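K.L.:
Below you'll find the structure I mean.
Please treat every number below as a calculation from the coordinates, not as lab data. In this text the structure is predicted, and so the values were computed from the model without any measurement. Cβ sites come from the backbone with ideal geometry, for glycine too, and all protein chains shown count toward neighbours.
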Amino acid sequence: MTKKNEIKEGDSVLLLSKERNYLLKVEEREFNTDYGVVDLKNIIGKKYGCIIKTHKNYEFIVVEPNITDFINKKIKKMPQAIRPKDFALIIALTGLKTNAIVVEAGTGSAWLTLMLANYCTQGKVYSYEIRKDFFENAKKNIETVGVKNVVLKHKDILKGIEEKDVDLVVLDMIKAEKAVLDAYQSLKPGGWLVVFSPYIEQVKDVVKEMEQLDFTKPFTLENIIRYWDVRKHTLPKRYGIVHTGWLTFARKIF
């Protein structure tokens, strides 16, 4: 009998080192890395945290991959996705709970969908996507990661949101201002509406719609990251994740 936490054939593992890392499935085959060949069958029956060596004696630690590993290495990206910095702000500023019910539109490549589902482990994410090609790609990405608490819908959210008493609605779509009323009606009192806007004209339209409903006063922000080169003379790097879009937040009152 297979012991608990033992790595089985077909499991996903991350080969991790200082220089490189590889996300792959455990099979009875050899895998070529930049540092030599790994015989993957030697991982079967071992536990996460074990060490495996290439034929050149280079060491990798075998760890269980997390959601970020899958997103960075396995999912196919089509439209631009909401970045980690913006997702983190959505979670932090709304105080989202792990049992939350979330509605989002559009799904795009399902990056945000997967992050929300991974966070709301006791909740559920309902995701609307109108484009067939995006929907099919998102469906494959969700299956690749293996999350089970996502309901993916090939529907136009502008024709109505079916879910009620929702904790959070996130809109990342054209004409987002036209979905504000439906989002308001779907939210529970105290629930949050967050709109990601790629251009400032949409922000103005969204805020205008929010202000006509019983929301708290909307606020809009952008999130900028700057990397630093830490050495003897520490300096900011000349690149970073600067402007990706605007996030507008409002909380339903009644």
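K.L.:
Using +1 at the Cβ of each Lys and Arg and -1 at the Cβ of each Asp and Glu in region 147-236, identify which of Leu181, Gly160, Leu235 lies farthest towards the dipole's positive end.
P.N.:
Projecting each Cα onto the dipole axis, the largest value belongs to Leu235.
K.L.:
Quick check on region 70-251: of the DSSP beta bridges with both residues there, what percent are antiparallel, nearest 5%?
P.N.:
On the way: 13 of 31 bridges.
Antiparallel bridges make up about 40 percent of those DSSP assigns within region 70-251.
K.L.:
Once amide H atoms are built 1.01 Å from N in the peptide plane, which residues 5 or more positions from Ile7, or in another chain, come under 5 Å H to H?
P.N.:
Gly45, Lys46, Lys47, Tyr48
K.L.:
Counting Lys and Arg as +1 and Asp and Glu as -1, each charge on the Cβ, what is the dipole of region 12-65 about the Cα centre in debye, to the nearest 20? It would help to have the intermediate numbers written out before the result.
P.N.:
Working: 9 positive and 8 negative charges, 23 e Å.
Charge dipole of region 12-65: 120 debye, to the nearest 20.
K.L.:
So, by mean Cβ neighbours within 10 angstrom, what's the order for 115-124, 159-168 with the highest one leading? Working shown, then result.
P.N.:
On the way: 115-124: 18.4, 159-168: 16.3.
Most protected by this proxy first, the peptides run 115-124, 159-168.
K.L.:
Could you derive backbone 3J(HN,Hα) for region 107-123 from the dihedral phi with the Karplus parameters 6.51, -1.76 and 1.60 (θ = phi - 60°), listing whole Hz in sequence and x where the residue is Gly or Pro?
P.N.:
Once rounded to whole Hz, the list reads 5, x, 8, 6, 4, 5, 3, 5, 5, 5, 5, 5, 6, 8, 5, 9, x.
K.L.:
Give the calculated FRET efficiency between Asn72 and Lys237 to the nearest 0.05, with a Förster radius of 35 Å applied to their Cβ-Cβ distance. Could the numbers behind the result be given before it?
P.N.:
Working: r = 20 Å, r/R0 = 0.57.
Between Asn72 and Lys237 the formula returns 0.95.
K.L.:
Sticking with this one: Suppose a student asked you for the relative contact order of region 70-251, using Cα pairs under 8 Å spaced at least 6 residues apart; what percent would you report? Let's see the in-between values first.
P.N.:
Details: 337 pairs, mean separation 33.2, N = 182.
Here the relative contact order equals 18 percent.
K.L.:
Non-local amide H neighbours of Ile241 (under 5 Å, H modeled in plane, Pro and chain starts lacking H): which ones?
P.N.:
Under 5 Å from the amide H of Ile241 lie the amide H atoms of Ile225, Tyr227, each far enough along the sequence or on another chain.
K.L.:
Can I ask one more? Ranked highest first by average number of other Cβ atoms within 10 Å, how do 234-243, 208-217 line up? Before the final figure, lay out each step's value.
P.N.:
Values: 234-243: 9.7, 208-217: 15.3.
Sorting 234-243, 208-217 by mean packing, highest first, produces 208-217, 234-243.
K.L.:
In region 105-133, which residues have a backbone nitrogen under 15 Å from the label point lying 7 Å from Ile225's Cα in the Cα-to-Cβ direction?
P.N.:
112, 115
K.L.:
Here is a further query. Could you derive backbone 3J(HN,Hα) for region 130-140 from the dihedral phi with the Karplus parameters 6.51, -1.76 and 1.60 (θ = phi - 60°), listing whole Hz in sequence and x where the residue is Gly or Pro?
P.N.:
With the stated coefficients, region 130-140 comes to 7, 7, 5, 5, 5, 4, 5, 5, 4, 4, 5 Hz.
K.L.:
Okay, next question. Over region 70-251, one equal point on each Cα, no solvent: what is log10 I(q)/I(0) by the Debye formula at q = 0.15, 0.18 Å⁻¹?
P.N.:
So the normalised log intensities are -0.84, -1.18.
K.L.:
Another question about this same structure. With +1 on the Cβ of every Lys and Arg and -1 on the Cβ of every Asp and Glu, and nothing else charged, how large is the dipole of region 70-251 about its Cα centre, in debye rounded to the nearest 20? The partial results should precede the final answer.
P.N.:
Details: 29 positive and 21 negative charges, 193 e Å.
Magnitude of the dipole: close to 920 debye.
K.L.:
Take every Cα pair under 8 Å in region 164-254 that's 6+ residues apart, average their separations, divide by the length, and report that relative contact order as a whole percent.
P.N.:
Details: 170 pairs, mean separation 31.1, N = 91.
Over region 164-254, the number comes to 34 percent.
K.L.:
When only C-alpha pairs under 8 Å and at least 6 residues apart count, what is the relative contact order of region 12-65, in percent?
P.N.:
Numbers: 97 pairs, mean separation 20.2, N = 54.
With pairs under 8 Å counted, the relative contact order is 37 percent.
K.L.:
For the chain, what does the helix formula give at 222 nm: sum of -39500 (n - 2.57) over DSSP H segments with n ≥ 4, over the residue count, nearest 500 deg cm²/dmol? Walk me through the numbers before you get to the answer.
P.N.:
Details: 6 runs with 60 residues, N = 254.
After summing the helix terms and dividing by residue count, I get -7000 deg cm²/dmol.
K.L.:
Additional query: Please name whichever of Ala250, Asn42, Val169 sits farthest to the positive end of the charge dipole of the chain, dipole taken about the Cα centre and charges placed at Cβ: Lys and Arg +1, Asp and Glu -1.
P.N.:
Among Ala250, Asn42, Val169, the one farthest towards the positive end of the dipole of the chain is Asn42.
K.L.:
Separate question: I need the peptides 49-56, 183-190 ranked by packing, meaning the mean over residues of other C-beta atoms within 10 angstrom, with the highest value on top. Display every interim value, and only then the final one.
P.N.:
On the way: 49-56: 13.0, 183-190: 18.2.
Going by the mean number of other Cβ atoms within 10 Å, highest first, we get 183-190, 49-56.
K.L.:
Okay, moving on. Whole-Hz ³J(HN,Hα) for each residue in region 12-21, computed from phi via Karplus 6.51 cos²θ - 1.76 cosθ + 1.60 with θ = phi - 60°, x for glycine and proline: what do you get?
P.N.:
Karplus-based 3J(HN,Hα) across region 12-21 equals 8, 9, 10, 8, 10, 8, 5, 8, 8, 9 Hz.
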